[in-house]
Amino acid sequence: MRSTLTDIAREAGVSAATVDRVLNNRPGVRARTREIVLEMAQRLGYIAEGPNGAPPRPVPGEVIRLDFALPAGTNSFIKMLHRHIEAQALARPDLDVHIATIEGFNPDRLARLLQDLRGQTQGVGVIALDHPTVREAIRSLSANDVKVVTIASDILHVPRVAYIGIDNRAAGRLAGYLLNRFMGPGRPGKVALFAGSLSYRGHEEREMGFRHILTEESPHLEIVEMREMLDDREKAYSEASALLERHSDLAAIYNVGAGNTGIARALKERGRAQSMVFLGHEATDGTKELLLDGTLDAVIDQNPRVEAREALNILTHAVRGLPYELHQPRLQVIFKENIPEI
């Protein structure tokens, strides 16, 4: 049975809080106490010894540099994630956190940024486009002992420490289930899909899950269009406006990505805001207003505060060679009646 923090605290003669501060390299512990705790953690098998029996990282007082690569633009969820990473990093004196934003859905630009981080950082969190140049950049970082986590949208077959985010295929199936309930049993209708970019595996997986459950349980619902809008609310507005002109009998919209306010604007201008079933993602200030006025029927949320916390924690532990139990954000459906504090 694996040892616990309580076991280490008992054997070292200190409190569990002291053990937690040592293992997470937080200040406020004397050097000798830190040595005793690390030695006991090694002896009990909680952490492995370094080369030639030397203690593993971290060196007491070491500040770890972490970098995050996030998309730029009008995506409110990404902005919230950015703010949560910054705020939580400020409360961590053991971390030196930098955040870079990438304009446009450009995998080569993202890959260059990741390549440039070699030798500059110890850990990277990225919302990454699933593209060969990006995958190769992540492999290069890992080969240079940089720990990598993917956030919100995963990339498979790369040496990442973890994926932090919801099960996006399950989220798409959940959206399909909700749509079927809102439409009513057996009611036929046309459905349109919007996505930021299917270069994001997360968006592709949501579409896949949505299509699968409609095929299984709602063959009377017809998906008539799939539009990519690059998570831009103005492009979302123009695409939704054109869509409503082409399909005056459209019954429902599922937006896989951002841009909900642009779609809502098109619906309101045409008097369709209350008659259209509209489902989206992420509880933001914008979607909160749309839920309250009835334009949005529901959003599926993934809690950027939790994702920021887990990204910082798991990268820090990976750099230090310490185990960490990842706590993934949970899928949560938000309606008008249960809007959380944002």
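The values are calculated or read from the model by the stated rules, or taken from the named source; none is laboratory data. Predicted model only: the values in this text are computed from it and were never measured. Note: ideal-geometry Cβ built from the backbone for every residue, glycine included; neighbour counts use all protein chains shown. These accessible areas exclude ligands, DNA and RNA; they are computed on the full protein's heavy atoms, side chains included. Shrake-Rupley method; radii C 1.70, N 1.55, O 1.52, S 1.80 Å.
Quick notes on this one:
- Cα lying deepest toward the dipole's positive end in the chain, options 243, 75, 157, charges on Cβ: 157
- When both the stretch 215-281 and the stretch 153-212 are represented by their alpha-carbon centers, they are found 15 Å apart.
- Unit charges on C-beta of K, R, D, E only; dipole of the stretch 5-44, Debye: 160
- Look at where the Cα atoms of the stretch 28-47 and of the stretch 62-82 average out, and the two centres are 33 Å apart.
- Judged by the mean number of other Cβ atoms found within 10 Å, the most tightly packed of the peptides 78-91, 224-237 leads the ranking 224-237, 78-91.
- What the chain shows is 45 Å² of accessible area per residue, with the surface traced by a 1.4 Å probe over protein heavy atoms.
- Label-point separation, residue 100 to residue 83 (7 Å along Cα→Cβ), nm: 2.5
- For the chain, the Cβ-based charge dipole about the Cα centre amounts to some 560 debye (Lys, Arg positive; Asp, Glu negative; other atoms uncharged).
- Site pair residue 332 and residue 10 shows an inter-label distance of 3.6 nm when each label is modelled 7 Å from Cα along Cα→Cβ.
- Computed over the chain: relative contact order in percent, which uses C-alpha pairs under 8 Å that are six or more apart: 16
- At 1.567 mPa s and 4 °C, Stokes D of the chain from Kirkwood alpha-carbon radius, µm² per second: 59
- Length added when fully stretched, residue 293-residue 246, from 0.36 nm per residue minus Cα-Cα: 14.4 nm
- Ordering of 210-217, 176-183 by burial proxy (mean other Cβ atoms within 10 Å per residue, highest first): 176-183, 210-217
- Cα-based helix-to-principal-axis angle, 168-183 vs the chain, degrees rounded to 10: 30
- Near-label residues of the stretch 163-197 by backbone N, under 18 Å of a point 7 Å along Cα→Cβ of residue 208: 163-177, 194-197
- Highest to lowest packing among 277-286, 116-125, scored as the average C-beta count within 10 Å: 277-286, 116-125
- Bridgeable aspartates and glutamates around residue 235 (alpha carbons under 16 Å apart, same-chain partners fewer than 8 residues away excluded): 103, 225, 245, 269.
- Relative contact order [Cα under 8 Å, 6+ residues apart], the stretch 230-342, whole percent: 22
- Extension gain from residue 112 to residue 170, taking 0.36 nm per residue of separation minus the Cα-Cα distance: 17.7 nm
- Here the chain exposes an accessible surface that is 49 percent carbon and sulfur, computed with a 1.4 Å probe and the other protein chains kept in place.
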